[in-house]
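Any read-out appearing in this document is the output of simple, stated calculations on the displayed coordinates, not a laboratory observation. Here the structure is a predicted model, which is why all the values come from computation and not from measurement. Every residue, glycine among them, receives a Cβ derived from its backbone with ideal geometry; neighbour counts consider all protein chains shown.
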Amino acid sequence: MKEFAVKLEKLAEELMDLLCENLGLEKGYLKKAIYGSNGPNFGTKVSNYPPCPKPDLIKGLRAHTDAGGIILLFQDDKVSGLQLLKDGQWVDVPPMRHSIVVNLGDQIEVITNGKYKSVLHRVVAQTDGNRMSIASFYNPGNDAVIYPATALVEGEAKEADEAAYPKFVFEDYMKLYAALKFQAKEPRFQAMKAMESSPNLGPIATA
Ligand SMILES: [Fe+2]
């Protein structure tokens with residue numbers, strides 16, 4: 001598992017550098033942006049979805065966007081169930097042997113100022129077969145200060161210092177996410193934006 005984690009962590013960083021290249025950000029920007037003072041939070045979650053005789057009555061996993069950075073998912077080789085929302089339609093993400101599904105979380109959406117979006121996904125229960133999945137999360141360090149990359153905030157918004165997305169400490173976002181995971185991400189972003197301007201909290205130190 002240790003070896004597995006080290007390799008996946010490296011892969012996540014390579015993929016983030018590809019995102020940087022696509023966005024015109026310097027190499028290593030995303031890694032640095034989510035590093036915090038003690039490095040990223042990396043974890044692996046193994047899930048087991050048993051077959052269900054009445055899948056229309058239950059949800060395997062309710063729709064949500066992932067909170068963190070970049071997620072690498074090994075799906076079951078045979079049993080499907082994962083779906084993502086594209087243009088208002090639920091689309092199957094079919095099982096594919098020897099492949100990794102790459103998913104982006106809310107933090108990447110904030111840092112890229114919405115150029116890359118976290119995607120709503122869910123797992124639908126199946127009547128046949130057990131589905132097992134292994135998801136690895138490369139998430140920001142707890143004290144990482146997350147905000148849109150200046151290079152990706154355009155013209156007027158940049159001058160007025162009014163990016164569409166909020167600036168916050170990752171662990172504060174996670175406190176909110178714990179309660180609101182299965183709701184739309186927009187109210188979460190708005191709540192963080194509201195905290196940003198709250199006089200009680202004061203400005204977030206970035207130095
Ligand atoms: Fe998820």
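Which trypsin sites (Lys or Arg not before Pro) does the range 98-158 hold that lie in a coil by DSSP with at most 13 other beta carbons within 10 Å?
Lys117
So which trypsin sites (Lys or Arg not before Pro) in the range 34-94 pass both tests, a DSSP loop state and at most 14 other Cβ atoms within 10 Å of the Cβ? Please list the in-between numbers first.
Working: sites: Lys45, Lys59, Arg62, Lys78, Lys86; in loops: Lys59, Lys78.
Here the trypsin sites (Lys or Arg not before Pro) that fit, given the DSSP loop and packing criteria, are Lys59, Lys78.
Just how large is the dipole of the range 70-158 about the Cα centre, in debye to the nearest 20, putting +1 at every Lys and Arg Cβ and -1 at every Asp and Glu Cβ?
For the range 70-158, the charge dipole is close to 160 debye.
For the pairs Lys10/Lys193; Lys115/Lys193; Lys59/Lys175, note any where the Cα-Cα span goes beyond 21 Å. Walk me through the numbers before you get to the answer.
Details: Lys10/Lys193 32 Å; Lys115/Lys193 19 Å; Lys59/Lys175 24 Å.
Over 21 Å apart, Cα to Cα: Lys10/Lys193; Lys59/Lys175.
Work out which GluC sites (Glu not before Pro) in the chain are exposed loop sites (DSSP not H, G, I, E or B, at most 15 other Cβ within 10 Å) and give the longest gap free of them.
Numbers: sites that count: Glu26, Glu154, Glu162.
Of all site-free stretches, the longest is 27-153.
When the scattering of the chain is computed by the Debye formula from its Cα atoms alone, each counted once and equally, what is log10 I(q)/I(0) at q = 0.12, 0.17 Å⁻¹?
Cα-only, vacuum Debye calculation for the chain: -0.66, -1.23.
For the chain, take the longest principal axis of its alpha carbons; what is the angle in degrees between that and the long axis of helix 2-23, to the nearest 10 within 0 to 90?
Around 60 degrees separate the two axes.
Within the set of other residues whose C-beta is less than 10 Å from the C-beta of Gly60, count the net charge using Lys and Arg as +1 and Asp and Glu as -1. Please list the in-between numbers first.
Numbers: positive: Lys59, Arg62, Arg122, Arg131; negative: none.
Net local charge, Gly60 excluded: +4.
Provide, in order from the shortest bin, the percent of all Cα-Cα pairs of the range 1-86 in each 10 Å bin, continuing until the bin that contains the maximum pair distance.
Here the calculated profile for the range 1-86 is 12, 36, 31, 16, 5, 0.
Once label points are set 7 Å from the Cα along Cα→Cβ at both Leu120 and Leu11, what is their separation, rounded to one decimal in nm?
2.9
Quick one: Cα centre-to-centre distance for the range 11-76 and the range 105-141, in angstrom?
Spelled out, the Cα-based centre of one part sits 5 Å from the other.
Lys and Arg at +1, Asp and Glu at -1: add these up for the other residues within a Cβ distance under 14 Å of Lys7 and post the number.
-2
Expressed as an acute angle from 0 to 90° and rounded to the nearest 10, what is the orientation of the C-alpha long axis of helix 170-180 relative to the principal long axis of the chain?
So the inclination is approximately 50 degrees.
Which angle between 0 and 90 degrees, to the nearest 10, do you get for helix 185-196 versus the longest principal axis of the chain when only C-alpha atoms count?
Roughly 30 degrees, rounded to the nearest 10.
Using Cα-Cα distances under 8 Å and only pairs 6 or more residues apart, what relative contact order does the range 49-139 have, in percent?
Values: 200 pairs, mean separation 43.8, N = 91.
Taking the mean separation of contacting Cα pairs over the length of the range 49-139, I get 48 percent.
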